[in-house]
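First up is the structure itself, then whatever we jot down about it.
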Amino acid sequence: MDFTGEERIAAPRDVVWAALNDPEIMRGCIPGCQSIERLSPSAFEATIKVKFSLLSATFHGLLTLSNVDAPKSYTLSAEGRGGLAGFARGSADIVLEERGAETILHYRSKAELGGRLAQLGARLLDSTSQKLAERFFSDFNAAVVAKMARAEGLFKSAP
């Protein structure tokens, strides 16, 4: 499963980059994320519950950052086990493009599922994975804009 997209975010690239590396923001934006903990500057441990049609699975695994070119781009890779449901493995190449006061976040993702999940059918898995990716980037956009608004409010009210 491969898919691409972009998200226009009303925030400077440095702010978007910081948010992409903030476990609390990521936890709030990853659909079904129950926990995420930073293990090192480039690794996180996460627990994520995902529903595919009638099958629901909780995945425990690692998220790792590679090809880091701060604050422009990185590759986010994930691998998790969902017990009897199987496994999920994927990656997303993220590129941040400055455009005035905004940032265009470009992504190219690929995912692979195995075990019982793989038996659900490619079309259903593709559709669900695409929706999860779109939801993540949409929620991420909203979280960054909200964080910017709060920060601007703090600076305006400071003496």
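The values are calculated or read from the model by the stated rules, or taken from the named source; none is laboratory data. Just so it is clear, the model here is predicted, and its values are computed rather than measured. Every residue, glycine as well, gets a Cβ built from its backbone with ideal geometry; the counts of neighbours run over all protein chains shown. Accessible surface is based on the protein model in full, side chains and every heavy atom, while ligands, DNA and RNA are left aside. Shrake-Rupley method; radii C 1.70, N 1.55, O 1.52, S 1.80 Å.
Laid out as a table, the results:
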quantity: Leading residue by the ranking (nearest to the chain's Cα centre (by Cα)) among those in segment 16-51 that are within 25 Å of VAL145 (Cβ to Cβ) and among the β-branched types (Val, Ile, Thr); calculated: ILE30
quantity: Residue among LEU113, LEU117, LEU154 that is of a type in the set (A, V, I, L, M), part of a helix (DSSP H, G or I), at pLDDT below 85 and within 23 Å of MET1 (Cα to Cα); calculated: LEU117
quantity: Residue in segment 129-136 that is part of a helix (DSSP H, G or I), free of Cβ contacts under 8 Å to residues at least 60 places away in the same chain and open to solvent by less than 60 Å² (accessible area, probe 1.4 Å) present; calculated: no
quantity: Filter result (more than 20 Å from LYS51 (Cβ to Cβ), in contact (Cβ under 8 Å) with a residue 12 or more places away in the chain and among the small types (Gly, Ala, Ser)) within segment 74-112; calculated: SER77, SER91, ALA92, ALA101
quantity: Residues being closer than 19 Å to ARG8 by Cβ and at pLDDT below 95 - total across segment 69-98; calculated: 1
quantity: Filtered residue count, segment 61-84, keeping only those that are in contact with a Gly (Cβ under 6 Å, 6 or more places away or on another chain) and farther than 23 Å from ALA18 by Cβ; calculated: 3
quantity: Members of segment 59-75 found to be open to solvent by less than 50 Å² (accessible area, probe 1.4 Å) and within 22 Å of LEU117 (Cα to Cα), listed by number; calculated: PHE59, GLY61, LEU63
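Matching residues to (1) among the aliphatic types (A, V, I, L, M); (2) at positive phi; (3) touching a helix residue (DSSP H, G or I) at 6+ places or on another chain (Cβ under 9 Å):
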| residue | (1), (2), (3) |
| --- | --- |
| ALA111 | yes, no, yes |
| GLY114 | no, no, no |
| ALA118 | yes, no, yes |
| LEU125 | yes, no, yes |
| GLN130 | no, no, no |
| ARG135 | no, no, yes |
| VAL145 | yes, no, no |
| ALA151 | yes, no, yes |
